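A.B. asks: Mind looking over this structure? Questions follow.
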Amino acid sequence: MHEQTTTASTCCYCGVGCGVLIEHDGQRILGVSGDPQHPANFGKLCSKGASLHLTGDLEARALYPQLRLGKQLGRTRTDWDNALEHAAEVFARTIAEHGPDSVAFYISGQLLSEDYYAFNKLARALVGTNNIDSNSRLCMSSAVVGYKRSLGADAPPCSYEDIELADTLLIAGSNMAYAHPILFRRLEAAKARNPRMKVIVIDPRRTDTCELADLHLAIQPGTDVALLHGILHLLLEQGQVDHAFIDAHTEGFEALRALSADYPPQRVAELCAIKVADLLRCAQWIGASPRLLSLWCMGLNQSSAGTAKNSALINLHLATGQIGKAGSGPFSLTGQPNAMGGRETGSLSNLLPGHREAGNAEHRAEVAAYWGVEALPEQPGLSAIELFEAVGSGKVKALWIACTNPAQSMPDQHKVRQALSECPFVVVQEAFFTSETCRYADLLLPAASWGEKAGTVTNSERRVSRVRRAVAAPGEARADWAIACDFARRLETRLQGTASGRFAFAEPEQLFEEYKQLTRGRDLDLSGLGYALLEDRGPQQWPFPAGAERGTPRLYGDGRFPTANGRARFIADAYRPPREQREARYPLILNTGRLRDQWHGMSRTGTAARLFAHAEEPLLGLNPEDMRQRHLQDGQLARIDSRRGTLLIRVQSDAGLRPGQVFLPMHWGDRFLKGLGVNALTLPAFDPLSKQPELKHAAVEVQAVELDWHFHALIEGHVQQRFEALRPLCEHFAHASLGLVGRDTPALVIRAAHPQAPSPALLAQLHAQLGLNEGPVMRYDDPREGDGGLPIHKRVRIEQGRLTGFSLSGETRARTWLRDLWQAATPLDDDGGAALRRWLLAPVEGPPGQELQSAGKTLCTCMNVSETAIRAAIDHGCDLDGLKQSLGCGTQCGSCVPEIKRLLAPPIEA
Ligand SMILES: Nc1nc2c(c(=O)[nH]1)N[C@H]1C(S)=C(S)[C@@H](COP(=O)(O)OP(=O)(O)OC[C@H]3O[C@@H](n4cnc5c(=O)[nH]c(N)nc54)[C@H](O)[C@@H]3O)O[C@H]1N2
Ligand SMILES: Nc1nc2c(c(=O)[nH]1)N[C@H]1C(S)=C(S)[C@@H](COP(=O)(O)OP(=O)(O)OC[C@H]3O[C@@H](n4cnc5c(=O)[nH]c(N)nc54)[C@H](O)[C@@H]3O)O[C@H]1N2
Ligand code: SF4
Ligand SMILES: [Mo]
């Protein structure tokens, strides 16, 4: 018997960095709840955080090192010793033959600071390359450049409590209702307390975040710089800039003033396709606001003008003196749980630990001296897009990937996949063997994951929190820092003859202690922090220099900025349109982003059936008018093409999208959806300064496809095993998607479509893998060939009097009804059941007179309340409180509240 106990840690999803209490018995994680003591969330969790204990199915975990010795061979299990000796041998040989820049590391904002530090030291001090970049390149690098250019250092100057203290909030390119839900809850509460608070949302789409907006500027995608300069133009005209602040604390205003003259309201309204009146109102609120806070995320960063967008937004704060005060400032929201830690430890190719620059000789010398090496490499390192290009062209011959899934998340997948398959040696350090990138691993190293590893992370408000270990890692999985250090020691021996002791870390705390000294005296000074202090006093905001009593909630209150002359800088970048424009062949613009309940490539969230209830399969959203023009119906299959790739996917009309724009969630890669996922379509163009790719703007076309043969199946139990067995079969079909459904008992759902029916052998294989070929299975087989019809095959599995699986091939009308029978566990062995049984194999949507109960999507994941039930209650006159009381929806994590509000008061479309 193991005692049940609780370990405090931090959520492993978004950059809000909520504190979680992990309930466990030392072996298994049994539950999670919000940590009431944690200053990010004060006990609350969103739908993802609250279901952490339901994710991470062991059957999907990488458990043992696996190695293959030839690209044509399969990987076989090996031990750590052999795995890391082999890796050290290949890296040492490659470095000896082709130099240190022939190897590269591609790491992640989901690593802990200790992991990050270990990898950095390994790449720069031991290998001698700056080829170490992270997925933060796809995420935060425009914000990094934005802050540094404008303010002198990469530091978001605000605190979460500023959300509560602001009078006007400018939310630009952030769907925080989905992506930073707990901050959105804080904003909801603050606005409820202070109805005079104004919320302005700048987003081409109408998102759930717009539920709080007093003004939604649905700008043409990519036109933010024009809009922000246009606002400044109006502020100047209205005399609403703070000249005293500008004179005392900034430089470069004249050039910006001159530039902003080019952005008069009429021109800006046209460029952005918004009303002049809305632009005026926006500028009016901003100019009159005593406290202006702006929040932004990927709508600004993921752009070929990402740094210009960041700078243009920061310009507004400098021009109005809205920085360094409570309730004001430019506050970039970080995406991943430790995107900030990556920036601090120097984990982009152009950075060094302690907010230093790899291109700065003095900085290199400081770090080299601290690490006890002669020098650090001068040659600039490759950024993510360039790095994969160099892999593709053969310049990089050994690649180490940790905690990121580039075969899903990088743009232009065809090229990325090509590069990965041709690279002589790919190491993938992963917690889940299921990720798309694992397929390309010559060496797969199993990593410990959330709940199993210890260290620190920094959230969006510069707050350092402890991540603690609750249970042991499964199989032979090891912590990321430990893998990096073990490899480093072996590589050192091969490169230098002996191990220097530079990687002799036994505990993550030792890494933290070593790393923090590199921040001493720098803007992010962490030298006063330590595990013991974090233990005693809880999470702390940097800077926290040695001897400090407390952390620093707000920066720049004295108007001094960490630039050479202490002044912040106005940046005058003109508006440039996005790289790819509409044209006759590709008349639509593809926007991509997050859903509420999925996380990136779904390696973790994709193991929890509950998290599919809000969005069961990936749907391409189009404006109703674009649907009509293309003769598309909701749920129909369509083909989306860009210059780089194609995807077959179902479409859905979405009045929140303006004509000419389409939206695809970023989550479904080729594991859950046949094809190379959303990034088959996107382009690798990037911002010239931040090198962040333009993931939100690709020219595409969408057209209906008619596929005659359709297949729909559901099977309960062993979902991961079945998934692995069924996924390869999907390659035979033009379209296929897989997902999970259910709450207590998960089931696998598979949908496929093809121009013609599959061979009997293939169908038999499908049925075998679904467990529908033998046992208590009802069958219907109609060969109907010759009269233009397709053969029809149906299977229904009934165990202990209830339906536990079914497949419909060639004719799928009953799919929703059968799903309902499964979901409701309707008894099929009593009298009523006998009446239903007759209809199970019939070519009907359900028995006559039977009203389809289909719940549709689940809005409230916590209380399991469907959209259908909520609509019905609204029809009976319920308001939000009534819904909460009668159905319980929205009473737990609150993530569904914006969507419920939308049902209560549908927006009036212009
Ligand atoms: N549920 C969930 N939450 C997450 C994540 C997740 O995978 N799932 N991932 C985390 C990570 S790593 C990140 S980086 C964050 C991302 O968080 P967000 O950036 O908030 O999320 P996205 O959906 O990527 O994009 C935000 C919005 O940008 C808009 N947009 C597109 N183009 C433009 C434009 O040109 N201008 C403007 N102003 N807006 C535009 C999109 O319509 C979209 O609504 O989320 C974090 N939180
Ligand atoms: N089209 C489009 N593409 C995008 C975006 C977009 O908005 N649109 N957003 C971009 C952004 S902002 C981001 S941040 C990226 C995210 O893209 P990725 O970094 O590829 O996303 P994840 O799926 O979170 O990958 C993390 C991987 O690490 C594994 N893992 C989890 N825990 C651990 C651990 O403790 N150790 C190790 N070693 N592995 C672990 C997970 O199983 C998972 O496979 O996607 C980018 N790509
Ligand atoms: S908002 Fe949700 S996903 Fe983000 S840290 Fe908090 S609980 Fe985790
Ligand atoms: Mo991100």
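The values are calculated or read from the model by the stated rules, or taken from the named source; none is laboratory data. Keep in mind the model is a prediction, meaning the values are calculated, not measured. As a convention, Cβ positions derive from the backbone with ideal geometry for all residues, glycine included, and neighbour counts pool all protein chains shown.
A.B. asks: For the stretch 167-221, which strands (runs of 3 or more DSSP E) that fit wholly inside it have 2 or more residues that are in contact (Cβ under 8 Å) with a residue 24 or more places away in the chain, closer than 20 Å to Ile900 by Cβ and touching a helix residue (DSSP H, G or I) at 6+ places or on another chain (Cβ under 9 Å)? Spell out the reasoning first.
C.D. replies: Numbers: elements: 168-172, 198-202, 215-217.
Counting at least 2 such residues, we get 198-202.
A.B. asks: Determine whether Ala244 is more than 16 Å from ligand 4 (Cβ to nearest atom) and surrounded by fewer than 21 Cβ atoms within 10 Å (Cβ to Cβ). Can you show your working first?
C.D. replies: On the way: more than 16 Å from ligand 4 (Cβ to nearest atom): yes; surrounded by fewer than 21 Cβ atoms within 10 Å (Cβ to Cβ): yes.
Criteria met by Ala244.
A.B. asks: What's the number of the condition Ala685 fails, among (1) within 16 Å of ligand 2 (Cβ to nearest atom); (2) among the aliphatic types (A, V, I, L, M); (3) under 24 Å from Ser737 (Cα atoms)?
C.D. replies: The one condition Ala685 does not meet is (3).
A.B. asks: Something else: Taking the stretch 519-554 on its own, how many of its residues are in a helix (DSSP H, G or I) and not hydrophobic (A, V, I, L, M, F, W, C)? I'd like the intermediate steps shown before the answer.
C.D. replies: Applying the first criterion (in a helix (DSSP H, G or I)) to the stretch 519-554 yields 519, 531-537.
With the extra rule that they be not hydrophobic (A, V, I, L, M, F, W, C), the set shrinks to 519, 531, 535-537.
The qualifying residues number 5.
A.B. asks: Which condition from (1) under 27 Å from Phe331 (Cβ atoms); (2) more than 7 Å from ligand 3 (Cβ to nearest atom); (3) of a type in the set (Ser, Thr, Tyr) is the one that Thr5 breaks?
C.D. replies: For Thr5, the failing item is (1).
A.B. asks: Does the stretch 131-145 include one or more residues that are away from ligand 1 (no atom under 16 Å from the Cβ), touching a Phe, Trp or Tyr at 6+ places or on another chain (Cβ under 6 Å), in contact (Cβ under 8 Å) with a residue 40 or more places away in the chain and not in a helix (DSSP H, G or I)?
C.D. replies: Scanning the stretch 131-145 turns up at least one residue that is away from ligand 1 (no atom under 16 Å from the Cβ), touching a Phe, Trp or Tyr at 6+ places or on another chain (Cβ under 6 Å), in contact (Cβ under 8 Å) with a residue 40 or more places away in the chain and not in a helix (DSSP H, G or I).
A.B. asks: Scan the stretch 349-391 for residues that are within 18 Å of Tyr106 (Cβ to Cβ) and surrounded by fewer than 24 Cβ atoms within 10 Å (Cβ to Cβ) and jot them down.
C.D. replies: Asn350, Ala358, Pro377, Gln379, Pro380, Gly381, Ser383, Ile385, Glu386, Glu389, Ala390
A.B. asks: Among the residues of the stretch 69-86 satisfying the criterion of being assigned to a helix (DSSP H, G or I) and aliphatic (A, V, I, L, M), which is surrounded by the most Cβ atoms within 10 Å (Cβ to Cβ)?
C.D. replies: Step one: of the stretch 69-86, the residues assigned to a helix (DSSP H, G or I) are 80-86.
After this cut, where a residue has to be aliphatic (A, V, I, L, M) as well, the list is 83-84.
Details: Ala83: 24, Leu84: 22.
Here the answer is Ala83.
A.B. asks: Suppose the filter is part of a helix (DSSP H, G or I) and assigned by the TED database to the domain that holds Glu716; does Gly882 pass it?
C.D. replies: Numbers: part of a helix (DSSP H, G or I): yes; assigned by the TED database to the domain that holds Glu716: no.
No.
A.B. asks: Being away from ligand 1 (no atom under 16 Å from the Cβ) and closer than 22 Å to Leu859 by Cβ is the requirement here; does Ala213 meet it? Even if it seems obvious, please write down each step before you answer.
C.D. replies: On the way: away from ligand 1 (no atom under 16 Å from the Cβ): no; closer than 22 Å to Leu859 by Cβ: yes.
The answer is no for Ala213.
A.B. asks: Do you know which residues across the stretch 163-206 are surrounded by fewer than 22 Cβ atoms within 10 Å (Cβ to Cβ) and of a type in the set (Gly, Ala, Ser)?
C.D. replies: Residues satisfying the conditions are Ala189, Ala190, Ala192.
A.B. asks: Filter the stretch 579-609 down to residues that are away from ligand 3 (no atom under 16 Å from the Cβ), surrounded by 21 or more Cβ atoms within 10 Å (Cβ to Cβ) and part of a loop (DSSP other than H, G, I, E, B), then give me how many there are.
C.D. replies: 1
A.B. asks: Which ones in the stretch 630-680 are within 16 Å of ligand 3 (Cβ to nearest atom) and either in a helix (DSSP H, G or I) or among the hydrophobic types (A, V, I, L, M, F, W, C) (or both)?
C.D. replies: Met666
A.B. asks: Could you tell me which residue of the stretch 442-499 is farthest from Ser141 (Cα to Cα), considering only residues that are outside any strand (DSSP E or B) and within 16 Å of ligand 4 (Cβ to nearest atom)? Can you show your working first?
C.D. replies: From the stretch 442-499, those outside any strand (DSSP E or B) are 442, 448-454, 459-462, 468-477, 479-499; that's our starting set.
Those left that are additionally within 16 Å of ligand 4 (Cβ to nearest atom): 459-460.
Working: Asn459: 16, Ser460: 14 Å.
Here the answer is Asn459.
A.B. asks: Of everything in the stretch 538-569 that's farther than 17 Å from Pro156 by Cα and hydrophobic (A, V, I, L, M, F, W, C), which residue is surrounded by the most Cβ atoms within 10 Å (Cβ to Cβ)?
C.D. replies: Ala548
A.B. asks: With the structure loaded, tell me whether Ser303 is among the polar types (S, T, N, Q) and under 24 Å from Arg205 (Cβ atoms) or whether it fails that test.
C.D. replies: Values: among the polar types (S, T, N, Q): yes; under 24 Å from Arg205 (Cβ atoms): yes.
Yes, satisfied.
A.B. asks: Taking the criterion of being on the phi > 0 side of the Ramachandran plot, modelled with pLDDT of 95 or more and surrounded by fewer than 24 Cβ atoms within 10 Å (Cβ to Cβ), would at least one residue in the stretch 437-449 satisfy it? Steps first, answer last, please.
C.D. replies: Initially, the stretch 437-449 is screened for residues on the phi > 0 side of the Ramachandran plot, giving none.
No, the stretch 437-449 contains no residue that is on the phi > 0 side of the Ramachandran plot, modelled with pLDDT of 95 or more and surrounded by fewer than 24 Cβ atoms within 10 Å (Cβ to Cβ).
A.B. asks: Right, another one. Do we have any residue at all in the stretch 729-746 that's closer than 30 Å to Glu389 by Cβ and surrounded by fewer than 18 Cβ atoms within 10 Å (Cβ to Cβ)?
C.D. replies: Yes: the stretch 729-746 contains one or more residues that are closer than 30 Å to Glu389 by Cβ and surrounded by fewer than 18 Cβ atoms within 10 Å (Cβ to Cβ).
A.B. asks: Using the structure shown, decide if Leu683 is farther than 29 Å from His793 by Cα, touching a strand residue (DSSP E or B) at 6+ places or on another chain (Cβ under 7 Å), outside any strand (DSSP E or B) and not small (Gly, Ala, Ser). Talk me through it step by step, then tell me what you get.
C.D. replies: Values: farther than 29 Å from His793 by Cα: yes; touching a strand residue (DSSP E or B) at 6+ places or on another chain (Cβ under 7 Å): yes; outside any strand (DSSP E or B): yes; not small (Gly, Ala, Ser): yes.
Judged against the criteria, Leu683 is a match.
A.B. asks: Considering every residue within the stretch 486-508, establish whether at least one is buried (at least 22 other Cβ atoms within 10 Å of the Cβ) and within 16 Å of ligand 1 (Cβ to nearest atom).
C.D. replies: No - not one qualifying residue is present in the stretch 486-508.
A.B. asks: Give Asn360, Asn310, Asn301, Asn350 a once-over and let me know the one that is within 24 Å of the chain's Cα centre (by Cα), at pLDDT 95 or above and either outside the structural domain of Thr207 (by the TED database) or of a type in the set (Lys, Arg) (or both).
C.D. replies: Values: Asn360 fails: within 24 Å of the chain's Cα centre (by Cα); Asn310 fails: either outside the structural domain of Thr207 (by the TED database) or of a type in the set (Lys, Arg) (or both); Asn301 fails: either outside the structural domain of Thr207 (by the TED database) or of a type in the set (Lys, Arg) (or both).
Every option except Asn350 fails the conditions.
A.B. asks: Looking at (1) among the charged types (D, E, K, R); (2) touching a Leu at 6+ places or on another chain (Cβ under 7 Å); (3) within 16 Å of ligand 4 (Cβ to nearest atom), can you tell me which one Asp654 breaks?
C.D. replies: (3)
A.B. asks: Ok, one more. Looking at Gly327, is it over 21 Å from Asn175 (Cβ atoms), in contact (Cβ under 8 Å) with a residue 12 or more places away in the chain, within 16 Å of ligand 3 (Cβ to nearest atom) and of a type outside the set (Lys, Arg)?
C.D. replies: No, not satisfied.
A.B. asks: Among the residues of the stretch 1-49, count how many are surrounded by fewer than 22 Cβ atoms within 10 Å (Cβ to Cβ) and of a type in the set (A, V, I, L, M, F, W, C).
C.D. replies: 6
A.B. asks: Please determine, by comparing only the residues of the stretch 1-20 that are of a type in the set (S, T, N, Q) and over 20 Å from the mean Cα position of the chain (by Cα), which one is nearest to ligand 1 (Cβ to nearest atom). Walk me through how you get there before you give the answer.
C.D. replies: Let us first name the residues in the stretch 1-20 that are of a type in the set (S, T, N, Q), namely 4-7, 9-10.
In the following step, the residues that additionally are over 20 Å from the mean Cα position of the chain (by Cα) were identified as 4-7, 9.
Values: Gln4: 30, Thr5: 29, Thr6: 25, Thr7: 24, Ser9: 18 Å.
So the residue we want is Ser9.
A.B. asks: Would you confirm whether any residue within the stretch 35-51 is at positive phi, at pLDDT below 95 and not polar (S, T, N, Q)? Talk me through it step by step, then tell me what you get.
C.D. replies: Going residue by residue through the stretch 35-51, those that are at positive phi are 42-43.
Then drop every residue that is not at pLDDT below 95, which leaves none.
Checked the stretch 35-51: no residue is at positive phi, at pLDDT below 95 and not polar (S, T, N, Q).
A.B. asks: Is the stretch 50-65 home to any residue that is without any contact (Cβ under 8 Å) to a residue 60 or more places away in the chain, in a helix (DSSP H, G or I) and either within 15 Å of ligand 2 (Cβ to nearest atom) or within 30 Å of Pro898 (Cα to Cα) (or both)? Quick ask: steps written out before the conclusion?
C.D. replies: Keep residues of the stretch 50-65 that are without any contact (Cβ under 8 Å) to a residue 60 or more places away in the chain, which gives 53.
Restricting the remaining residues to those that are in a helix (DSSP H, G or I) gives 53.
So of that shortlist, the ones also either within 15 Å of ligand 2 (Cβ to nearest atom) or within 30 Å of Pro898 (Cα to Cα) (or both) come out as 53.
So far as the stretch 50-65 goes, yes, one or more of its residues are without any contact (Cβ under 8 Å) to a residue 60 or more places away in the chain, in a helix (DSSP H, G or I) and either within 15 Å of ligand 2 (Cβ to nearest atom) or within 30 Å of Pro898 (Cα to Cα) (or both).
A.B. asks: Out of the stretch 574-623, which residues are more than 12 Å from ligand 2 (Cβ to nearest atom), among the charged types (D, E, K, R), out of contact with any Asp or Glu (no Cβ under 8 Å at 6 or more places or on another chain) and modelled with pLDDT of 95 or more?
C.D. replies: Correct list: Arg576, Arg582, Glu583, Asp597.
A.B. asks: Inspect the stretch 798-811 for any residue being assigned to a loop (DSSP other than H, G, I, E, B) and touching a helix residue (DSSP H, G or I) at 6+ places or on another chain (Cβ under 9 Å) and give the result as yes or no.
C.D. replies: Just the residues of the stretch 798-811 that are assigned to a loop (DSSP other than H, G, I, E, B), to begin with: 800-801, 810-811.
Among the residues that remain, those that are also touching a helix residue (DSSP H, G or I) at 6+ places or on another chain (Cβ under 9 Å) are: 801.
For the stretch 798-811, residues assigned to a loop (DSSP other than H, G, I, E, B) and touching a helix residue (DSSP H, G or I) at 6+ places or on another chain (Cβ under 9 Å): present.
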